[in-house]
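K.L.:
The structure is given below, and queries will be raised subsequently.
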Amino acid sequence: MKKLTLKPYRSIGPDEIAAVTRVMESGMLSGFYGSYGEQFLGGPEIRDLEREWSSFFGVKHAVTVNSAASGLLVALGSIGTGPGDEVIVPATTMSATAMAPLIYGAVPVFADINRDTYNICLATIEERITARTKAIIVVNLFGQPADLDAITRMARLHGIYVIEDNAQAIIAKEGDRFSGTVGDIGVFSLNYHKHIHSGEGGICCTNSDALCLRMQLIRNHGENLVDPMGIEDITNLVGFNLRMTEMTAAVARVQLKNVTKHVEARVYQATRLIAGLKNLPGVDPPMVKNGCSHSFYILAFRIDPAQFRGGVSRLAERLNECGFPCFTGYVKPLYTLPVFKRRIAIGQRGFPFNLSEVKYEEGLCPESEALRDSLLCFEPCAYELNDEELDSLVFIFREIHRELYIVKHA
Ligand SMILES: *Cc1c(COP(=O)(O)O)cnc(C)c1O
């Protein structure tokens with residue numbers, strides 16, 4: 001089989017270049033200053049981006065930061081997370097979701113995922129709530145909203161905050177609400193690999209004035225501001241510098257203008273691949289929940305490893321050899337990382353795990369563990385494909401399926 005070469009997805013065009021040039025020519029590459037006064041909230045591009053972002057997503061506030069990982073940090077800091085607290089997170093997600101609590105001395109508590117959507121499971125969240133639970137970080141994994149309405153209602157009954165890690169699901173919807181706008185805070189990513197990007201970058205959305213201000217303070221040396229602003233509760237206002245630059249904001253503004261176009265092209269690619277690969281034995285396409293839209297950051301097929309010679313790893317290897325780029329390793333349960341197995345995070349003495357009884361062992365999240373050997377992922381955000389190329393990918397997949405599928409005789 002002739003190996004395909006695929007065109008990479010590049011969303012940066014003349015408008016982004018013009019935006020960067022405009023900022024360069026202004027000479028002001030950052031408008032931030034870490035002390036009381038006008039410049040505490042950044043320069044014109046930052047403020048325009050925040051205004052345009054909150055208006056597009058229908059939320060009161062948007063707070064820009066330099067990454068989604070930083071966004072999770074300011075979000076957890078703003079709600080008052082502290083040593084000994086527990087933060088419930090899904091076992092299957094990108095590692096940043098589970099690292100943010102550690103910086104505030106809190107520990108992540110892993111909930112399992114739903115078998116059909118791979119998103120965090122409401123019932124296992126409820127089982128893990130204790131008197132120490134401060135927040136739930138809900139991840140809208142692969143581009144599909146988690147059960148946002150149900151989880152936020154449940155959390156409210158328990159007095160627990162909900163933070164959405166929406167890095168993978170820009171403009172996905174649950175009902176008529178955008179993911180990233182349902183929880184108390186929603187964190188978006190603008191890193192190079194996401195649907196839209198500015199190289200690096202992150203944005204936190206909230207409808208709360210108080211959380212917005214606290215996130216702004218943590219982003220930008222809050223310790224200097226509390227006195228002149230008359231802020232009494234100085235918890236977690238040891239500030240960082242997590243500020244976005246003017247050029248980054250200028251690029252992000254152009255990307256936001258075209259977000260629908262960029263995401264729809266990714267969804268189109270995923271939809272065409274799914275249609276071409278339906279009814280293949282041993283291969284389950286992703287399920288999209290009723291009433292939800294999926295933005296397909298990752299297109300994940302669930303493979304029955306027992307039905308393929310060499311299992312999912314051989315399948316991935318042959319597909320890659322023939323030009324169908326895919327990977328399998330994304331979805332190890334996070335509690336199998338050394339940081340949790342060895343309980344070493346900050347300093348030598350096991351802080352913050354030494355404040356907690358929370359255990360990290362095999363068997364904790366069976367559905368998450370089952371994905372390890374059964375998920376095959378394709379990245380629609382990495383490629384710009386026409387119909388002919390998409391059909392070639394389908395052809396390759398079907399050929400390799402024929403080659404490795406173990407035919408069962410009746
Ligand atoms: C990409 C990603 C992040 C981190 O985003 P950065 O902007 O690179 O910090 C966090 N969570 C999830 C689920 C992601 O996919």
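K.L.:
From the residues Asn320, Ala62, Val254, which one has its Cα farthest along the dipole of the chain in the positive direction, the dipole being from +1 and -1 charges on Cβ of Lys/Arg and Asp/Glu about the Cα centre?
P.N.:
Most positive-ward Cα: Asn320.
K.L.:
Counting Lys and Arg as +1 and Asp and Glu as -1, each charge on the Cβ, what is the dipole of the stretch 39-86 about the Cα centre in debye, to the nearest 20? Write down the numbers at each step before the final one.
P.N.:
Values: 3 positive and 6 negative charges, 28 e Å.
The dipole of the stretch 39-86 has a size of about 140 debye.
K.L.:
Can you tell which of Gly82, Pro286, Ile136 lies farthest toward the positive end of the dipole of the chain, using +1 and -1 charges on the Cβ of basic and acidic side chains (Lys, Arg; Asp, Glu)?
P.N.:
Pro286
K.L.:
To continue, here is another question. If we count chymotrypsin sites (Phe, Trp or Tyr not before Pro) as exposed when they sit in a DSSP loop and have at most 15 other beta carbons within 10 Å, what is the longest stretch of the chain that avoids them all?
P.N.:
Numbers: sites that count: Tyr36, Tyr192.
Free of exposed loop sites, the longest segment is 193-410.
K.L.:
What does the charge dipole of the chain about its Cα centre add up to, to the nearest 20 debye, if the Cβ of each Lys and Arg holds +1 and the Cβ of each Asp and Glu holds -1? Don't jump to the answer; show the numbers that get you there.
P.N.:
On the way: 41 positive and 47 negative charges, 173 e Å.
So the dipole magnitude of the chain works out to roughly 820 debye.
K.L.:
If you don't mind, there's one more thing I want to ask. Which loop GluC sites (Glu not before Pro) in the stretch 208-254, with loop taken from DSSP, have no more than 12 other Cβ atoms within 10 angstrom of their Cβ?
P.N.:
Values: sites: Glu223, Glu232, Glu246; in loops: Glu232.
In loop regions of the stretch 208-254 (DSSP not H, G, I, E or B), the sparsely surrounded GluC sites (Glu not before Pro) are Glu232.
K.L.:
Once you have a ≥ b ≥ c as the square roots of the Cα gyration tensor eigenvalues for the stretch 334-410, tell me rounded if a/c is under 1.5, and otherwise prolate or oblate according to whether a/b is larger than b/c. Kindly include the intermediate steps, with their values, before the conclusion.
P.N.:
Values: a/c = 5.04, a/b = 2.11, b/c = 2.39.
Oblate, since a/c reaches 1.5 and b/c is not below a/b.
K.L.:
Considering all projection directions equally, how large on average is the shadow of the alpha-carbon convex hull of the chain, in square nanometres? Before the final figure, lay out the partial values.
P.N.:
Values: hull surface 86.9 nm².
Average of the hull's projected areas for the chain equals 21.7 nm².
K.L.:
Ok, one more. Output the peptides 69-79, 270-280 sorted from most to least packed, where packing is the average of other Cβ atoms within 10 Å over each peptide's residues.
P.N.:
Ranking, from highest mean packing down: 69-79, 270-280.
K.L.:
How are the alpha carbon pair distances in the stretch 1-101 distributed across 10 Å bins from zero to the largest one, expressed in percent?
P.N.:
Result returned by the calculation: 11, 26, 32, 21, 8, 2, 0.
K.L.:
Using the alpha-carbon atoms, what tilt in degrees (0 to 90, nearest 10) does helix 387-404 show relative to the longest principal axis of the chain?
P.N.:
60
K.L.:
Also, quick follow-up: Using amide H atoms built in the peptide plane, which far-off residues or other-chain residues are under 5 Å from Leu375 H to H?
P.N.:
Distant-sequence amide H within range of Leu375: Ile303.
K.L.:
From the cross-link list Lys261/Lys332; Lys60/Lys194; Lys278/Lys408; Lys289/Lys332; Lys7/Lys289, which pairs have alpha carbons spaced over 26 Å apart? Could you put the intermediate results ahead of the total?
P.N.:
Numbers: Lys261/Lys332 32 Å; Lys60/Lys194 24 Å; Lys278/Lys408 19 Å; Lys289/Lys332 24 Å; Lys7/Lys289 31 Å.
In this structure, Lys261/Lys332; Lys7/Lys289 exceed 26 Å between Cα atoms.
K.L.:
Please list, by residue number, every one of the GluC sites (Glu not before Pro) in the stretch 149-210 that is coil in DSSP and has at most 14 other beta-carbon atoms within 10 Å. Could the numbers behind the result be given before it?
P.N.:
Details: sites: Glu164, Glu174, Glu200; in loops: Glu200.
Of the GluC sites (Glu not before Pro), not one in the loops of the stretch 149-210 has a Cβ with at most 14 other Cβ atoms within 10 Å.
K.L.:
Could you tell me which residue out of Asn119, Gly363, Cys205 lies farthest along the dipole of the chain toward its positive end? Charges go on the beta carbon: Lys and Arg +1, Asp and Glu -1, centred on the Cα centre.
P.N.:
Gly363
K.L.:
So, for the chain, what is the accessible surface per residue at a probe of 1.4 Å, expressed in square angstrom? Don't skip to the end; give the middle numbers.
P.N.:
Values: 17410 Å² over 410 residues.
Accessible area per residue, the chain: 42 Å².
K.L.:
Using a 1.4 Å probe over the heavy atoms of the protein chains, calculate the carbon and sulfur portion of the accessible area of the chain as a whole percent. Mind showing how you got there, number by number?
P.N.:
Working: 9320 of 17410 Å².
Heavy-atom surface of the chain belonging to carbon and sulfur, 1.4 Å probe: 54 percent.
K.L.:
May I pose another question? Can you tell me the dipole magnitude for the stretch 18-147 around its Cα centre, using point charges on the Cβ only (Lys, Arg +1; Asp, Glu -1), in Debye to the nearest 20? Present the calculation step by step, with values, prior to reporting the outcome.
P.N.:
Working: 8 positive and 13 negative charges, 27 e Å.
The calculated dipole for the stretch 18-147 is roughly 120 debye.
The values are calculated or read from the model by the stated rules, or taken from the named source; none is laboratory data. What you see is a predicted model; the values in this text were computed from it and never measured. In this analysis, Cβ positions are derived from the backbone assuming ideal geometry, glycine residues included, and neighbour counts consider all displayed protein chains. In case anyone asks, the SASA skips ligands and DNA or RNA and just uses the protein heavy atoms, side chains included. Shrake-Rupley method; radii C 1.70, N 1.55, O 1.52, S 1.80 Å.
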